[in-house]
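This report refers to the structure that appears directly beneath it.
The values are calculated or read from the model by the stated rules, or taken from the named source; none is laboratory data. Computed from a predicted structure; not experimentally measured. Positions of Cβ are backbone-derived with ideal geometry, glycine not excepted, and every protein chain shown enters the neighbour counts. In case anyone asks, the SASA skips ligands and DNA or RNA and just uses the protein heavy atoms, side chains included. Shrake-Rupley method; radii C 1.70, N 1.55, O 1.52, S 1.80 Å.
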Protein chains: 2
Amino acid sequence: MTPFSAGEVLARCDVLATITAATDGIERSYLTPEHARANWTVGEWMDEAGLTAWQDAAGNQRGSLKGPSPEAPVLILGSHLDTVPGAGRYDGILGTLMAIAVVGRLRARGAALPFGIEVIGFADEEGTRFGRTLLGSCAVAGTWQESWWSLRDPHGVTLRDAFVAFGLDPERVGDAALDPSRVVGYLEAHIEQGPLLQDAGRALGVVEGIMGARRFELEMIGEAGHAGGMPYGRRRDALLGASEVVGAVEELARGAGAIGTVGRLRAFPGAMNVIPGRVEFSLDLRAETDQLRDQVWDEIEETALKAAAARNLAFEVSELHAARATAVAPTLASAVEAGIRATGDPAPMRLMSKAGHDAMAIADLCDYAMLFIRCKDGISHHRDEDVRADDVELALDAFEAAVLAVADAHG
Amino acid sequence: MTPFSAGEVLARCDVLATITAATDGIERSYLTPEHARANWTVGEWMDEAGLTAWQDAAGNQRGSLKGPSPEAPVLILGSHLDTVPGAGRYDGILGTLMAIAVVGRLRARGAALPFGIEVIGFADEEGTRFGRTLLGSCAVAGTWQESWWSLRDPHGVTLRDAFVAFGLDPERVGDAALDPSRVVGYLEAHIEQGPLLQDAGRALGVVEGIMGARRFELEMIGEAGHAGGMPYGRRRDALLGASEVVGAVEELARGAGAIGTVGRLRAFPGAMNVIPGRVEFSLDLRAETDQLRDQVWDEIEETALKAAAARNLAFEVSELHAARATAVAPTLASAVEAGIRATGDPAPMRLMSKAGHDAMAIADLCDYAMLFIRCKDGISHHRDEDVRADDVELALDAFEAAVLAVADAHG
């Protein structure tokens with residue numbers, strides 16, 4: 001395998017795909033044995049590329065390349081190593097491994113950079129285990145919240161206990177943070193997770209910004225009862241209320257040009273002959289502007305409260321996460337654009353990211369820009385997630401050229 | 001505690017309520033440690049009442065009272081000891097403990113019966129663990145199906161393996177069956193699980209028949225994808241399809257005067273930022289006639305297939321259970337009615353059971369009749385399930401008188 005080639009990067013994606021808690025697609029969540037194994041494996045690759053590999057105080061896998069002087073700032077490159085359940089092998093992982101390969105290439109060509117490089121494989125972007133996304137990148141940005149320690153996973157384990165069980169010290173999570181005055185910026189490569197590049201017949205694109213998202217845990221509460229004996233007029237069926245909300249989310253979000261998804265829904269107690277007394281479900285809501293997103297949420301909430309009242313149910317809302325829409329930094333985005341132009345595309349496509357990324361959290365630390373890579377049919381968060389090797393080769397060239405363009409602008 | 005009184009019966013319901021796998025309501029399902037403990041406890045009470053207690057080859061807890069001669073047939077009395085998840089303390093349990101108490105009363109008064117008595121605490125009426133209801137009573141009726149051995153619980157354990165782990169021999173399940181030529185009939189007392197007796201201001205009622213039920217496992221299959229990146233036009237969101245079916249079940253069943261309930265529903269993979277690629281859900285459908293019930297199912301299926309087609313989903317159906325509507329035997333129902341009249345109600349109320357009961361399975365073995373007891377607000381399959389002590393006292397008197405009436409008719 002040619003070192004630092006697309007072939008090597010993709011083969012490493014295949015290796016990481018074997019580090020999974022489930023067999024039907026990949027499942028690798030925060031502070032699990034799979035997380036530890038992935039970090040260890042990626043650390044070896046970091047060392048091979050000339051980076052000094054280490055795991056930070058929040059469980060992020062990091063690799064440091066010294067700058068020209070002890071006072072030199074760092075450019076951060078990276079993406080995440082965790083996955084949703086049933087995931088494919090490229091979301092986050094490809095960007096992390098590309099960052100390592102690009103450092104290897106830069107060292108191989110003896111590039112003299114005016115800054116150090118910090119490659120980061122973020123430990124928790126998806127928020128699969130504790131519901132709150134971007135835990136890894138918030139630690140690096142210095143925006144970790146004390147209230148998160150009491151978040152619980154589906155088995156009732158708190159984030160604090162999971163931290164300790166993983167071998168981390170909750171008191172030291174602040175050590176993972178970088179000093180903003182010593183950071184040049186953040187570049188992230190990522191698969192698009194949508195079909196726009198494919199539809200336009202392009203391999204690569206420049207991200208203009210990331211949509212704001214809000215995430216909610218919702219609950220409909222009625223009363224369980226016998227599926228046969230309880231007449232319709234007396235039922236307080238929580239699932240009928242929740243199903244109305246599921247339909248309303250699509251109708252209201254779609255109508256407004258926003259995106260709403262109920263990804264999790266479960267009826268309790270969950271027996272065939274028992275009327276559901278309670279339904280737990282989630283809502284993920286995104287839009288190009290925070291204003292539009294908030295307006296759609298208000299409409300959804302109003303509809304849900306009406307549906308609940310009509311069925312004598314209680315509707316409860318807990319907001320887990322709100323991220324404002326963020327824009328890339330023009331200088332860094334120009335470097336990414338220059339990188340893509342260097343691969344022979346004279347006018348790179350610009351597009352919004354509808355998906356969230358570690359860059360949203362890192363935006364609190366420093367400027368950022370992102371490179372998008374075409375993915376097959378826009379499929380992501382699914383085992384069929386796929387990329388083309390020739391696209392990844394172009395992406396490596398573009399990402400390397402982007403780092404050199406940042407160096408030029410900085411120097 | 002006065003022996004064989006309502007107070008004793010209700011205190012024993014409280015004791016059994018402590019034998020549970022969960023704390024939020026009772027959960028006691030087939031072939032679990034709780035099942036074994038409940039059988040052992042009820043067996044002691046059977047012995048105290050003068051019955052010979054034993055556990056049969058299907059895990060039913062039985063107590064036998066000899067008849068006047070070795071050739072004498074038996075009258076079966078009983079109900080079930082298993083529960084749904086989150087159950088109350090009376091559904092099935094009250095009827096089983098009443099049967100034991102009535103045998104104790106008959107022995108105490110030295111009643112000479114022309115038949116033996118077999119009290120049965122059926123081991124699986126609800127079907128909570130393996131999806132198929134009435135396993136215990138089917139074993140007694142001799143209608144156990146070989147195909148059931150491969151049924152699996154939610155953890156993937158087969159019925160066969162659970163049988164062996166409980167200490168039962170799958171090859172000998174046939175030993176639990178009674179010989180129809182040696183059975184007089186079956187009498188069951190049960191809470192109504194509906195509000196009709198309460199609404200009519202009556203403590204007891206005579207059951208006319210049991211509605212037929214069909215139970216289905218349903219599945220909507222689409223494709224998982226990223227909750228942000230995948231545009232609406234390309235989504236194959238299985239939860240949106242399933243939610244339409246949930247709404248249609250209510251609309252179609254209610255409109256036709258039938259009863260349909262989706263008690264179980266869960267979206268997979270079940271992450272906040274992943275479009276559901278698959279939804280598993282259940283349907284329980286009941287009506288006064290099998291024809292009406294089947295017609296409503298046809299309409300639901302047609303609607304589900306249309307919803308699936310419109311969203312590019314697959315809709316799959318697996319029928320777990322179909323029970324025809326059954327009618328009580330007029331002679332035995334007259335005995336129950338005579339029993340209620342003996343308590344001072346000159347014209348006992350007659351009503352259909354919308355809930356299923358062990359009597360449905362025992363109907364394949366022999367004639368049956370049932371006594372219904374008022375339950376508070378019709379609430380059942382819920383921890384708030386409740387009965388009045390004075391109603392239970394009347395019910396014991398009526399049930400005892402009903403057995404004597406059967407003896408008179410038989411003799």
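Here are the numbers:
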item: Interface area, A with B, accessible, probe 1.4 Å, both sides summed, Å² nearest 100; result: 5400 Å²
item: Calculated SAXS-style log₁₀ I(q)/I(0) at q = 0.06, 0.07, 0.09, 0.12 Å⁻¹ - chain A, Debye, Cα scatterers; result: -0.26, -0.35, -0.56, -0.94
item: Net charge, residue A:351 excluded, C-beta distance under 13 Å - Lys, Arg +1, Asp, Glu -1; result: -1
item: Proximal lysines relative to residue A:306, as straight alpha-carbon distance under 30 Å, when same-chain residues fewer than 8 apart are discounted; result: A:354, B:306, B:376
item: Dipole of region B:212-323, positive end: most advanced residue of B:260, B:274, B:243 [Cβ charges, Cα centre]; result: B:274
item: Value of Rg to Rh for region A:1-158 (Rh from inverse mean 1/r over Cα pairs, i.e. Kirkwood); result: 0.99
item: Net charge contributed by nearby residues that have their C-beta within less than 12 Å of residue B:175 (K/R +1, D/E -1); result: -2
item: Local electrostatic count at residue B:29 - Lys and Arg +1, Asp and Glu -1, tallied over other residues with Cβ under 10 Å; result: -4
item: Cα centroid separation, region A:202-234 to region B:373-411 (Å); result: 43 Å
item: Pair residue A:179, residue A:208: separation of 7 Å Cα→Cβ label points (nm); result: 3.8 nm
item: R0 of 22 Å, Cβ-Cβ distance residue B:256-residue B:384: FRET efficiency to nearest 0.05; result: 0.15
item: Cα long-axis angle, helix B:33-48 against chain B (0 to 90 degrees, to the nearest 10); result: 10 degrees
item: Over the protein assembly as shown: helical MRE at 222 nm, DSSP H runs n ≥ 4 each giving -39500 (n - 2.57), nearest 500; result: -11000 deg cm²/dmol
item: Degrees separating the helix B:290-310 axis from the principal Cα axis of chain B, which is the longest one; result: 20 degrees
item: Under the Karplus curve 6.51 cos²θ - 1.76 cosθ + 1.60, θ = phi - 60°, whole-Hz ³J(HN,Hα) for region B:161-168, x wherever Gly or Pro sits; result: 5, 5, 4, 5, 5, 7, x, 9
item: For region B:220-278, size of Cβ-based charge dipole, Lys and Arg +1, Asp and Glu -1, in debye; result: 180 debye
item: With Cα atoms, 0 to 90° folded angle of helix A:6-17 axis to chain A main axis; result: 40 degrees
item: 1.4 Å probe accessible area per residue over the protein assembly as shown, in Å²; result: 35 Å²
item: Position residue B:44, label points 7 Å along Cα→Cβ, spacing to each other copy in nm (shortest first, one decimal); result: 5.9
item: Size descriptor, Kirkwood hydrodynamic radius, that averages inverse alpha-carbon separations across the protein assembly as shown, Å; result: 29.5 Å
item: Region A:270-411 - percent relative contact order, Cα under 8 Å, separation 6 or more; result: 26 percent
item: Accessible heavy-atom area order of B:326, A:23, B:18, highest first, probe of 1.4 Å; result: A:23, B:18, B:326
item: Extent along principal axes [Cα atoms of region B:212-323; Å; largest to smallest]; result: 49, 21, 18
item: Cβ-placed point charges (K, R +1; D, E -1), dipole of the protein assembly as shown about Cα centre in debye, nearest 20; result: 60 debye
item: Rounded FRET efficiency, nearest 0.05, which uses the C-beta distance separating residue A:152 from residue A:409 and R0 of 45 Å; result: 0.50
item: Accessible area of region A:212-323 belonging to carbon and sulfur atoms, whole % at 1.4 Å probe; result: 44 percent
item: Dipole magnitude of region A:160-231 about its Cα centre (Cβ charges: Lys, Arg +1; Asp, Glu -1), debye to nearest 20; result: 160 debye
item: Whole-number percent relative contact order across region B:212-323, with pairs defined as alpha carbons under 8 Å at least 6 apart; result: 45 percent
item: Region A:277-350 versus region A:158-182: alpha-carbon centroid distance in Å; result: 28 Å
item: Cα-based shape type of region B:149-226, given that a ≥ b ≥ c are square roots of the gyration tensor eigenvalues and the cut on a/c is 1.5; result: oblate
item: Teacher prompt: residue A:352 distances to equivalent labels in other copies, 7 Å Cα→Cβ, nm; result: 5.4
item: Sorted peptide list for B:96-103, A:255-262, criterion being average Cβ within 10 angstrom, highest first; result: B:96-103, A:255-262
item: At R0 = 41 Å, FRET efficiency that the Cβ-Cβ distance of residue A:316 and residue B:234 yields, to 0.05; result: 0.80
item: Cα shape, region B:96-176, gyration tensor, a/c 1.5 rule; result: prolate
item: Label 7 Å beyond Cα on the Cβ vector: residue A:33 copy-to-copy distances, nm; result: 2.4
